[in-house]
Amino acid sequence: TTEQPRVARNVGVPSTRNHNNDDRFAVRLADASMNKLFAQGSYAICVHTDEEEKFRVGDVVYVERLRDGLMELSLRRVAAATAGVMKLTTCSVDPKLRQELTIPSPRKDEHVRILGRAVGKYEDFSPV
């Protein structure tokens with residue numbers, strides 16, 4: 001199975017403009033689903049968002065997807081946003097990792113919501 005991105009617990013989050021330190025968190029990209037924008041193993045610096053926030057095409061968002069009793073956390077890029085419907089996609093060079101989500105979900109057994117917006121990225125260059 002593909003490991004999902006997780007909220008990093010031991011990474012200092014670099015400063016970002018216009019965002020309170022308490023609102024920021026880091027998400028480690030464990031797979032290559034967003035490798036056009038983030039290297040695998042790097043961190044997306046995110047800020048918490050609320051249900052009323054507006055998103056634009058191209059925004060990268062942190063998403064929670066509930067389906068069949070399972071929760072998936074991932075980063076997605078906003079591909080389209082029209083008339084109350086938003087399309088979110090992965091952004092990978094690997095066609096096998098391309099996937100689309102819709103808000104609201106057309107599936108009765110699925111709930112998708114945005115938890116945050118990516119505002120930066122961080123990659124650790126120290127030797128392992």
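The values are calculated or read from the model by the stated rules, or taken from the named source; none is laboratory data. Only a predicted model underlies this, so the values are computations on that prediction, with no experimental measurement involved. Cβ placement follows ideal geometry from the backbone for every residue including glycine, while neighbour counts extend to all protein chains displayed. Side chains are part of the model used for accessible areas, which takes the heavy atoms of the whole protein and leaves out ligands, DNA and RNA. Shrake-Rupley method; radii C 1.70, N 1.55, O 1.52, S 1.80 Å.
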Looking at the structure I just gave you, is VAL27 under 15 Å from LYS121 (Cα atoms), open to solvent by less than 30 Å² (accessible area, probe 1.4 Å), at pLDDT 95 or above and in contact with a strand residue (DSSP E or B) (Cβ under 7 Å, 6 or more places away or on another chain)?
no
May I ask you to verify whether ARG76 is open to solvent by less than 20 Å² (accessible area, probe 1.4 Å) and among the charged types (D, E, K, R)?
yes
Filter result for the condition that a residue is under 17 Å from ASP23 (Cα atoms) and out of contact with any Lys or Arg (no Cβ under 6 Å at 6 or more places or on another chain), over GLY120, GLY58
GLY120
Exactly one of these conditions fails for LEU88: (1) open to solvent by 70 Å² or more (accessible area, probe 1.4 Å); (2) within 10 Å of the chain's Cα centre (by Cα). Give me its number.
(1)
Scanning region 39-54 for residues that are over 11 Å from the mean Cα position of the chain (by Cα) and either of a type in the set (Gly, Ala, Ser) or farther than 9 Å from ARG117 by Cα (or both) gives ALA39, GLN40, GLY41, SER42, ASP50, GLU51, GLU52, GLU53, LYS54
Any idea which of (1) under 22 Å from ALA32 (Cα atoms); (2) open to solvent by 50 Å² or more (accessible area, probe 1.4 Å); (3) touching a Leu at 6+ places or on another chain (Cβ under 6 Å) is the one GLN99 doesn't satisfy?
(3)
Filtered residues of region 80-97 (kept if closer than 12 Å to ASP31 by Cα and modelled with pLDDT under 90)
none
